[in-house]
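Structure first, then comments.
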Amino acid sequence: MNERCCDLCNQTEFETISNIDRRGDALETAVCTTCGLVSHAQMPTEQELRDYYANEYRQDYHGEYHPSTQRVVREWEKGRRILKLLTPYLREGDEVFEIGAGIGCTVKNFELAGYESNGCEPGEGFANYSSSELKTTVVPGELKDLPRTSTHDFVLLVHVLEHLSSPTSTLRHIWQMLRPGGRLYVEVPNYTAPHAAPGKAFHFAHTYNFNPATLRMIGQSCGFEVTQLTHDRQKNLGMVMHRVENEDTTIDPRGYKTSIHTARKNTWFSYHCRLGYLTDRFHRLYDRTVCRIGSDSKLKKIMAQIEAHQGKPAAEVKRAA
C-alpha cells in the first residue's frame, strides 16, 4: 500500500482488514491504527468518483437509472422518517438543503411541512425525475459545485459521506455553507452494527466506513458540536452537527478499538446465528413485499398530495401540515 495520510488524524499507519468487496472482486480495505477510520486502501481519484456517480452508480448500486415505483415509495417513507427525526432541531423559517438528494423525496417532505427546501443530486436520471415528477428544486450537481457562502440553515447529508473521497473536506465545505448556528444532519451506515454478512461489508461506492467514535471525531475536527440521535447498535448512525467556532482534534481511542474488534469478530457464524438475524430478515422481506403490493396506489396518493400543495406559499403549507 502506498503511503497516504488518514483523512481524520493525518497519521500514516494502516492495517488491512479485507481484500475483497461484496461481490468477491478485489478491493483492499484498511483501518487507521490511530483513530480507527475505515477506508479504501487506495482511494479513487476525484475524477473517477465524479464519473462513477454521474453515470454508473445508480445502475450499479440500485439496479436502475430511473427510479422504480417501489423505490419512490420507499424513499418517500425514508423522507417522512427523517423529517420526524429532525423536527425537534428545526426552527421556524429554516431553509433546508440536501446534498445527494436522490429522487428528492426527503426534499419534498420538508417542503410539504412548510420549509424552503431544495438540493442537488449527481445522478442525472434521479435528479431529472425529482424535478419533473415530484416538482422539487433538485438540480444535477455535487458538493464541489456549490458556493462556499453562508446561506443555509440546515443541510442534510443522508448516506452520502461514506461515498466521498474526503469526509473532512466535505464537512469543512458544508461548515462554510451554513449560517452561524446552522445545523447539519449526517446519516451513514454503522460499521459496528451487523448490517452485512462477512465478505459483503465493503463496496467500491463506500470509500469510508464509520463507527460512532470516528463519525463524531470527524464532525468535531471540522468545527461542529455533535449530538447523536441513533443508538450505537442501529444499522444507521444519525448525528446532528451544530456549527460552532472551534475545532476539536482530540483522538478518541475507542475509534480504533471498535473498528478492529468489529473486523475480527464479524464471522459467518456470529452474523447468521445472532438473535436478531431472523427478525431482521423477516421485517426486510415483509416491508419489501408490502411496498411492492401497494406501491402503485401509494404512489398515486403521494402524487395527489404533491399536486394539492403545488404553488401554495410556504406559510400556508406550514399551517396545513
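The values are calculated or read from the model by the stated rules, or taken from the named source; none is laboratory data. These numbers were taken from a predicted model, which means no experiment stands behind them. Glycine also receives a Cβ, built like all others from the backbone with ideal geometry; neighbour counts cover every protein chain displayed.
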Exercise for the section: Return yes or no: is GLU225 without any contact (Cβ under 8 Å) to a residue 24 or more places away in the chain, acidic (Asp, Glu) and not in a helix (DSSP H, G or I)? Expected result: yes
Handout entry: Residue list for the stretch 252-274, restricted to those being over 18 Å from SER39 (Cα atoms), in contact (Cβ under 8 Å) with a residue 40 or more places away in the chain and not in a helix (DSSP H, G or I)
Key = THR267, ARG274
Handout entry: Hits in the stretch 76-111 (condition: part of a helix (DSSP H, G or I), at pLDDT 95 or above and acidic (Asp, Glu))
Key = GLU111
Practice task
Give ARG22, ARG50 a once-over and let me know the one that is modelled with pLDDT under 85, among the basic types (Lys, Arg) and under 30 Å from PHE126 (Cα atoms).
Solution key: ARG50
Problem - Any hit, the stretch 100-115, residues being over 30 Å from ASP252 (Cα atoms), of a type in the set (A, V, I, L, M, F, W, C), in contact with a Cys (Cβ under 8 Å, 6 or more places away or on another chain) and surrounded by 23 or more Cβ atoms within 10 Å (Cβ to Cβ) - result: yes
Fill in the blank from the handout: ARG91: passes all of (1) in contact with a helix residue (DSSP H, G or I) (Cβ under 7 Å, 6 or more places away or on another chain); (2) in contact (Cβ under 8 Å) with a residue 40 or more places away in the chain; (3) among the basic types (Lys, Arg) but (1)
Handout entry: Which listed residue is at pLDDT below 95, crowded, with 21+ Cβ neighbours inside 10 Å and among the aliphatic types (A, V, I, L, M), from LEU143, LEU164
Key = LEU164
Practice task
Please work out if GLU121 is among the acidic types (Asp, Glu) and in contact with a Gly (Cβ under 7 Å, 6 or more places away or on another chain).
Solution key: yes
Problem - Long-range neighbours under 6 Å by Cβ, at least six apart or interchain, first residue of a type outside the set (Phe, Trp, Tyr) within the stretch 53-68, second outside any helix (DSSP H, G or I) and modelled with pLDDT under 70 - result: ARG58/TYR65; GLN59/TYR65
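Let's see how each residue does on (1) in contact with a Phe, Trp or Tyr (Cβ under 9 Å, 6 or more places away or on another chain); (2) within 22 Å of ASP94 (Cβ to Cβ):
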{"position": "GLU133", "(1), (2)": "no, no"}
{"position": "GLU142", "(1), (2)": "yes, no"}
{"position": "HIS152", "(1), (2)": "yes, yes"}
{"position": "LEU178", "(1), (2)": "yes, yes"}
Exercise for the section: Evaluate the following for ARG183: is it in contact with a Cys (Cβ under 6 Å, 6 or more places away or on another chain) and farther than 24 Å from LYS257 by Cβ? Expected result: no
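Can you name every residue in the stretch 140-191 that is within 24 Å of VAL31 (Cβ to Cβ) and hydroxyl-bearing (Ser, Thr, Tyr)?
Answer for the stretch 140-191, where residues must be within 24 Å of VAL31 (Cβ to Cβ) and hydroxyl-bearing (Ser, Thr, Tyr): SER165, SER166, THR168, SER169, THR170, TYR191.
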Handout entry: Criterion: of a type outside the set (Asp, Glu) and crowded, with 22+ Cβ neighbours inside 10 Å - qualifying residue of VAL158, VAL188
Key = VAL188
Exercise for the section: Would you check if there is a residue in the stretch 137-153 being part of a loop (DSSP other than H, G, I, E, B), of a type outside the set (D, E, K, R) and within 21 Å of VAL73 (Cα to Cα)? Expected result: yes
Practice task
Take the stretch 154-191 and flag every residue that is in contact with a helix residue (DSSP H, G or I) (Cβ under 6 Å, 6 or more places away or on another chain), part of a helix (DSSP H, G or I) and among the hydrophobic types (A, V, I, L, M, F, W, C).
Solution key: LEU161
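Does ILE218 count as at pLDDT 95 or above, closer than 18 Å to SER259 by Cα and assigned to a helix (DSSP H, G or I)?
yes
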Handout entry: Number of the exception - PRO194 against (1) out of contact with any helix residue (DSSP H, G or I) (no Cβ under 6 Å at 6 or more places or on another chain); (2) at pLDDT below 95
Key = (1)
